[in-house]
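Throughout, read-outs are computed from the coordinates displayed, never taken from laboratory work. This is a predicted model, so every value here is computed, not measured. We place every Cβ from the backbone using ideal geometry, glycine too, and count neighbours over all the protein chains shown.
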Amino acid sequence: MPLMPEYFLNSIAFIYPSARDAKRDTGFIGAGFMVGIPSPDHPSYRMVYLVTSYHVIKKLKAVTLRFNLKSGGMRIVKDWPLSHWVINKAFDIAVTPVSGDGLDFAFIPRKLFVDAEKIAQHKIGAGDEICLIGRIMQTKYVTRNVAMMRFGNISLSPQYEEKTFLVELRSISGHSGSPVVVYCPPYALAGTRDQEQMWQGYLLLGVNRGHLREYEELVSVKDLKTKSENWVSETNVAISQIIPAWYISELLDDPRLVQHRVAKHAELKRKLAGFKEDAAPSSQPSVSRKSRQVP
């Protein structure tokens with residue numbers, strides 16, 4: 001895979017049980033990533049949302065969010081209540097609006113979400129390269145949120161009873177809520193995509209739910225046959241479930257989030273109207289069309 005674009009690599013936020021944990025980078029419970037939805041009237045202005053897995057936050061009344069700041073260091077948003085999240089329990093997704101003011105982040109554009117149309121158009125499926133953007137768990141990060149990548153391939157696309165992407169990727173605890181992207185190389189191999197089916201770069205495949213587990217009975221070291229009646233060994237089979245991006249898109253259109261965007265659009269219009277009034281020459285009773293344009 002080539003160099004990862006900033007809007008994926010720098011979209012990560014960290015989630016903790018408390019502000020104390022966030023400051024010390026202890027008790028880390030999961031990652032989240034930022035997505036942006038443009039204003040219909042002013043496309044350069046976007047409402048920003050944090051996406052994660054519902055199981056990351058569901059056992060807590062409130063969590064603490066940690067973001068990087070443009071000025072350096074981090075912003076810690078403590079006691080972010082469960083009521084601030086819009087949730088899809090069936091597909092284990094949680095979304096909450098956030099303010100991006102002063103934050104050093106890039107967001108994933110909604111137009112890069114994988115959906116049924118893109119899958120058909122680009123022939124996305126088993127064997128395609130994927131990348132999870134998360135963090136390493138063995139290091140404490142007390143200065144900045146630092147993202148790292150893990151690589152793999154799509155093993156199975158959603159079909160019949162399987163509603164998620166299954167990917168060959170060794171996810172571990174702490175990777176829940178991380179974004180997973182799919183990549184198309186800039187060349188066509190025999191028997192795969194033709195030129196019309198190719199796309200440029202990366203698309204958001206979905207959000208990492210976690211890895212699948214198997215359980216094996218323990219045996220005695222003496223003969224490797226005698227089994228324990230009460231103990232088993234949990235094995236990470238290196239297959240992870242990725243909740244498809246189209247379910248995130250559906251949740252972003254939840255009436256509560258739509259209402260949030262309507263309110264933000266109205267607030268933006270009031271601010272821009274006030275800016276135009278302040279910028280208008282006091283000697284003129286009206287403002288020309290050209291001077292109404294916001295830089």
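Mind checking the dipole of the chain: about its Cα centre, +1 per Lys or Arg Cβ, -1 per Asp or Glu Cβ, Debye to the nearest 20?
1280
Order these by the 10 Å Cβ neighbour count, fewest first: F67, F91.
By the 10 Å Cβ count, ascending: F91, F67.
Taking the chain as a Gaussian network, where each spring joins two C-alpha atoms under 10 Å apart, which residue of P185, P158, P40 fluctuates the most?
P40
Please give the peptides 106-113, 19-26, 44-51, 258-265 ranked by average Cβ packing (other Cβ atoms within 10 Å per residue), highest first, as a rough proxy for protection.
Output ranking for 106-113, 19-26, 44-51, 258-265: 44-51, 106-113, 19-26, 258-265.
So which of K70/K271; K58/K269; K59/K140; K61/K264 end up more than 30 Å apart, counting from Cα to Cα?
From K70/K271; K58/K269; K59/K140; K61/K264, over 30 Å: K58/K269.
With contacts defined as alpha carbon pairs under 8 Å and 6 or more residues apart, what's the relative contact order of the chain in percent?
Relative CO of the chain lands at 17 percent.
Give the Cα extents of the chain along the principal axes, in whole Å, largest first.
Answer, in whole Å and largest first: 97, 53, 34 Å.
Which of the listed residues, I248, M47, H211, is farthest toward the dipole's positive end in segment 6-290, when Lys, Arg count +1 and Asp, Glu count -1 at the beta-carbon?
The Cα lying farthest towards the positive end belongs to M47.
Go ahead and collect, in residue order, the members of segment 136-180 whose backbone nitrogen is under 14 Å from a label point 7 Å along the Cα-Cβ direction of K23.
Label zone hits: 142-143.
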